[in-house]
Amino acid sequence: MANRLRHRLAQARAERRGMLMGFLPAGYPDPDRFRRAAGAAFEAGLDALEVSMPGPAPALDGPLIQAAALQASHHLGSIAEALELAASSRRDPGDSIIALAYARTLERLPAEEFLDALAAADIDGVLLPQHPVAEQLRIGALARERGIEPVVFLHLQEDLALLSSGVFPDPFIYLQSAEGQTGGRFNAAKAAERLGELAEAFGPRPYGVCVGFGVRGYEEVQRLMVAGADGAIIGTRLVAAANEGPEEVAAIVDEVAPILVRRDEVRA
């Protein structure tokens with residue numbers, strides 16, 4: 001079977017629309033409500049869901065996600081439980097799940113064993129936001145051998161040369177919109193600048209890029225579509241909505257869907 005995440009990116013490009021990705025800590029607010037919130041997001045049209053593994057979130061994440069990660073960790077005893085829960089949240093066989101692992105996870109579990117666990121659980125992607133880009137690419141090559149697509153977290157301009165060099169073909173990139181924590185203020189000008197730097201560095205070489213940090217809804221997604229992103233990532237607002245109920249989660253996806261479908265129109 002083709003990788004779901006790559007297939008969804010190719011599908012979005014063919015349909016000339018933007019992708020929407022979300023984020024939730026595995027098991028937040030509790031396993032049953034997590035499953036219902038994730039399912040509601042997928043049913044509303046979410047393309048992919050990042051699911052963080054059990055354990056504390058780093059300073060990279062804002063206070064809301066840090067508190068949610070801590071709460072979620074009380075409900076899950078292992079990475080295997082988290083992966084099984086994440087996979088069970090799919091509502092359609094094509095729904096994409098990305099396992100997000102902080103550095104602490106791979107300090108306790110070798111990368112190869114973690115990737116094997118992802119493959120066994122039928123997880124589609126892996127995101128390592130605290131690892132240097134060179135290490136992300138090394139582990140990413142191992143992931144691709146197992147049919148798992150790495151999502152490369154890019155936040156330092158000096159990493160552009162390595163990422164765009166062609167040593168890792170057609171990467172799928174998570175671009176940090178600006179410095180700061182998740183849930184912070186969205187900087188449209190900085191996001192557009194970083195997207196421009198990415199396009200210049202890659203030139204004709206293929207890549208996919210979704211942008212996160214401070215992306216909350218329609219306005220931010222619209223600006224990203226104009227600036228040339230392939231998609232957007234909503235994290236903090238989705239986590240807050242999951243605590244309210246699946247209807248609130250679905251409403252976020254419904255809110256931004258029109259601008260994703262009209263991507264080419266807003267770029268004209």
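The values are calculated or read from the model by the stated rules, or taken from the named source; none is laboratory data. It should be emphasised that the depicted structure is a prediction, and the values quoted were computed from it without experimental measurement. Positions of Cβ are backbone-derived with ideal geometry, glycine not excepted, and every protein chain shown enters the neighbour counts. Keep in mind that these areas ignore ligands, DNA and RNA; they rest on the heavy atoms of the full protein, side chains included. Shrake-Rupley method; radii C 1.70, N 1.55, O 1.52, S 1.80 Å.
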Review point. How large is ³J(HN,Hα), in whole Hz, for each residue of segment 40-55 in order, when computed from phi with the Karplus curve 6.51 cos²θ - 1.76 cosθ + 1.60 and θ = phi - 60°, using x for Gly and Pro?
Key: 5, 5, 5, 5, 7, x, 4, 7, 7, 10, 7, 10, 7, 6, x, x
Revision key, fill the gap. Contour minus Cα-Cα span, Gln130 to Glu200, at 0.36 nm per residue, comes to 22.7 nm
Practice item. Give the residue from Val239, Pro58, Tyr28 lying farthest towards the positive end of the charge dipole for the chain; charges sit on Cβ (+1 for Lys and Arg, -1 for Asp and Glu) and the dipole is referred to the Cα centre. Key: Val239
Review point. Which of these values of Cα Rg over 2.2 N^0.38 Å was calculated from the structure shown: (1) 1.04; (2) 0.91; (3) 1.62?
Key: (2)
Point to revise | Calculated [θ] (222 nm, deg cm²/dmol) that DSSP helices of n ≥ 4 give over the chain, each run adding -39,500 (n - 2.57) | key: -15000 deg cm²/dmol
Point to revise | Karplus (6.51, -1.76, 1.60) ³J(HN,Hα), θ = phi - 60°, over segment 182-191, in Hz, Gly and Pro reported as x | key: 4, x, x, 6, 7, 10, 5, 5, 5, 4
Practice item. Taking only Cα atoms and a 10 Å spring cutoff, compute GNM fluctuations for the chain and point out the largest among Gly180, Gly77, Gly235. Key: Gly77
Check your understanding: Highest mean first, what order results for 124-131, 81-88 on Cβ atoms within 10 Å?
Key -> 124-131, 81-88
Revision key, fill the gap. Here the gain from full extension of Arg262 to Asp170, 0.36 nm per residue of separation minus their alpha-carbon distance, amounts to 30.6 nm
Point to revise | Simple label model, 7 Å out from Cα along Cβ direction - Arg91 to Leu70, nm | key: 3.2
Exercise for review: Calculate what fraction, in whole %, of the accessible area of segment 1-114 sits on carbon and sulfur atoms when a 1.4 Å probe is rolled over the protein chains.
Suggested key: 53
Study note, to complete from the structure: Of every hundred units of 1.4 Å-probe accessible area on segment 155-268, the number belonging to carbon and sulfur atoms, as a percent, is 50
Exercise for review: Multiply the residue gap between Lys190 and Glu43 by 0.36 nm, knock off their C-alpha separation, and tell me the result in nm, one decimal place.
Suggested key: 49.7 nm
Practice item. Take segment 170-255, compute every pairwise Cα distance, and split them into 10 Å bins from 0; I just need the percent in each bin. Key: 18, 47, 27, 7, 1
